[in-house]
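Engineer: Mind looking over this structure? Questions follow.
The values are calculated or read from the model by the stated rules, or taken from the named source; none is laboratory data. Remember, it's a predicted structure, so these values are computed and weren't measured experimentally. Reconstructed Cβ throughout: ideal geometry from the backbone, glycine too, with neighbour counts over all protein chains shown.
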Amino acid sequence: MSISQNLKAISAELPADVTLIAVSKTKPDSAIEEAYQVGHRDFGENKVQELVAKQERLPKDIRWHMIGHLQRNKVKYIADFVSLIHGVDSLRLLAEINKRAGQAERVIDCLLQIHIAEEDTKFGLDPEELREILEGDPANNFPNVRIRGLMGMATFTDDKQQVKREFDRLKSLFDQWKEQSAAFDILSMGMSGDYNIAVDSGSTMVRIGSSIFGARNT
Ligand SMILES: *Cc1c(COP(=O)(O)O)cnc(C)c1O
C-alpha cells in the first residue's frame with residue numbers, strides 16, 4: 001500500500017478525537033510530501049538536525065513534533081518553529097525551553113515524558129519526579145512553556161497485557177494531574193505496534209511511523 005492509503009486506513013481506524021502524528025524520521029522529503037498532498041500536517045522527528053533540515057525545506061504550515069530525547073544545548077535550533085515537544089524529562093530542560101521560547105517570543109507546548117515501561121531502558125520521569133515538577137508551579141515559573149500533558153512508550157514486547165498495563169498506568173497518572181492542571185489535554189501514547197491498545201487505554205495522540213511509511217533501515 002502507498003503512504004496515502006496507509007494514512008487513510010489508520011485514520012479511519014482511529015477515533016475522531018485522537019490526533020495522528022506521522023513519524024517521518026529517516027524518511028525522505030518525498031515521503032512527507034506524499035502525506036502532505038492528502039492533507040496531513042502533523043509530522044514527528046526524533047533528531048534535531050534532521051528536524052531542522054526538513055523544516056527548512058518543506059511547507060511552512062507543517063506542525064513539527066519533536067518526539068525524541070532532546071538535549072538542552074539543541075533547544076535553540078527548534079524553538080522558533082516546533083509545534084509540540086513530547087519528550088521533556090527534566091526541570092532543567094523545561095527551563096531551557098522556556099528561555100528559548102521567550103527569546104523567540106513564543107509559548108511552546110510540551111509534554112512530560114513518563115517512564116512507564118517495566119523494562120528500564122527508556123527515558124522518562126517517574127511519578128515522584130513528575131509530582132516535583134508539577135507542584136513547582138511551572139505555569140508561573142515558566143511562562144513561555146505550556147505543559148499540555150504526558151507522553152510515554154510501552155515496553156517493546158508481544159505481551160499485550162503488559163503493554164495494556166503500562167498504558168493504563170500512564171492514563172491514570174494523566175487523569176490524576178488533569179484535575180489540577182487546566183492545560184492538560186494531550187496524552188501521547190501508541191506507536192505502530194501498539195496504538196490500538198493505547199487508544200483503548202485513552203490515548204489522545206498516537207505517533208506512527210513504520211505503519212505509514214514502511215519499515216526503517218536504520
Ligand atoms: C520512532 C518512534 C515512533 C514511531 O515508531 P513506529 O514503530 O515506526 O510507529 C514513535 N514514538 C517515538 C518516540 C519514536 O522514536
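Engineer: For PRO127, all conditions in the list (1) away from the ligand (no atom under 12 Å from the Cβ); (2) surrounded by fewer than 19 Cβ atoms within 10 Å (Cβ to Cβ); (3) over 19 Å from the mean Cα position of the chain (by Cα); (4) not hydrophobic (A, V, I, L, M, F, W, C) hold save one; what is the number of the exception?
Structural biologist: (3)
Engineer: If you don't mind, there's one more thing I want to ask. So which residues in segment 37-48 are in contact with a helix residue (DSSP H, G or I) (Cβ under 8 Å, 6 or more places away or on another chain) and exposed (fewer than 13 other Cβ atoms within 10 Å of the Cβ), if there are any at all?
Structural biologist: Across segment 37-48, the qualifying residue is only GLN37.
Engineer: Same structure, new question: Return the only residue of GLY202, GLY190 being on the phi > 0 side of the Ramachandran plot, within 13 Å of the ligand (Cβ to nearest atom) and part of a loop (DSSP other than H, G, I, E, B).
Structural biologist: From the options GLY202, GLY190, the qualifying one is GLY190.
To keep it simple, each residue is scored yes or no on (1) surrounded by fewer than 18 Cβ atoms within 10 Å (Cβ to Cβ); (2) of a type in the set (Val, Ile, Thr); (3) within 13 Å of the ligand (Cβ to nearest atom); (4) touching a residue at least 60 places away in the same chain (Cβ under 8 Å).
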residue: LEU20; (1), (2), (3), (4): no, no, yes, yes
residue: SER24; (1), (2), (3), (4): no, no, yes, yes
residue: SER30; (1), (2), (3), (4): yes, no, no, no
residue: ALA35; (1), (2), (3), (4): no, no, no, yes
residue: ASP61; (1), (2), (3), (4): yes, no, no, no
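Engineer: Let me ask something additional. Residues in segment 104-115: is at least one within 14 Å of the ligand (Cβ to nearest atom), modelled with pLDDT under 95 and of a type in the set (Val, Ile, Thr)?
Structural biologist: no
Engineer: For ARG165, state whether it is more than 16 Å from the ligand (Cβ to nearest atom) and either within 28 Å of ILE10 (Cβ to Cβ) or modelled with pLDDT under 95 (or both).
Structural biologist: Answer is yes for this residue.
Engineer: Moving to a separate point now. State all residues of segment 28-59 that are basic (Lys, Arg) and touching a strand residue (DSSP E or B) at 6+ places or on another chain (Cβ under 6 Å); if no residue qualifies, say none.
Structural biologist: ARG41
Engineer: Being at pLDDT 95 or above, within 22 Å of TRP64 (Cα to Cα) and within 16 Å of the ligand (Cβ to nearest atom) narrows it down to one residue among ARG146, ARG216, ARG207; which is it?
Structural biologist: Answer to the selection: ARG207.
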